[in-house]
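The values are calculated or read from the model by the stated rules, or taken from the named source; none is laboratory data. On a predicted model such as this, the values are computed, not experimentally measured, just so you know. Virtual Cβ from ideal backbone geometry, glycine too; neighbours counted across all protein chains shown.
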């Protein structure tokens, strides 16, 4: 296995774990329809981080990062949507 392939595999593995880190919360929020305990600050910082990484990856044409980070950003956006939909005031 050459070095570029190994580095791409590592990038895909990192992306899969980043995506899976948000998946349980998205599923739980959808099932319970409760999001009050999820921090807006965390969601917004994660979204901004993901967007910045996406810009970085596109600029450098890093395909694995573009794909996996794109999926991760989509998960964060879904969680933000669920928070907007299910958060109760107070």
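Conditions tested, residue by residue: (1) part of a helix (DSSP H, G or I); (2) surrounded by 12 or more Cβ atoms within 10 Å (Cβ to Cβ); (3) at pLDDT 90 or above.
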position: 1; (1), (2), (3): no, no, no
position: 20; (1), (2), (3): yes, no, no
position: 24; (1), (2), (3): yes, no, yes
position: 42; (1), (2), (3): yes, no, yes
position: 49; (1), (2), (3): yes, yes, yes
position: 59; (1), (2), (3): yes, no, yes
position: 75; (1), (2), (3): yes, yes, yes
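Among the residues of region 29-38, the ones that are more than 21 Å from residue 17 (Cα to Cα) and assigned to a loop (DSSP other than H, G, I, E, B) come to 5 in all.
For every residue, the table says whether it meets (1) under 21 Å from residue 9 (Cα atoms); (2) without any contact (Cβ under 8 Å) to a residue 24 or more places away in the chain; (3) more than 11 Å from the chain's Cα centre (by Cα).
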residue	(1), (2), (3)
26	no, no, no
37	no, yes, yes
40	no, no, yes
43	no, no, no
51	no, yes, no
58	yes, yes, yes
62	yes, no, yes
73	yes, no, no
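Determine, yes or no, whether residue 16 is within 24 Å of residue 4 (Cα to Cα), surrounded by fewer than 18 Cβ atoms within 10 Å (Cβ to Cβ) and under 11 Å from the mean Cα position of the chain (by Cα). It is true that residue 16 is within 24 Å of residue 4 (Cα to Cα), surrounded by fewer than 18 Cβ atoms within 10 Å (Cβ to Cβ) and under 11 Å from the mean Cα position of the chain (by Cα). Looking at (1) in contact with a helix residue (DSSP H, G or I) (Cβ under 7 Å, 6 or more places away or on another chain); (2) exposed (fewer than 14 other Cβ atoms within 10 Å of the Cβ), which is the one condition that is false for residue 88? Tallying (1) in contact with a helix residue (DSSP H, G or I) (Cβ under 7 Å, 6 or more places away or on another chain); (2) exposed (fewer than 14 other Cβ atoms within 10 Å of the Cβ), residue 88 fails exactly one: (1).
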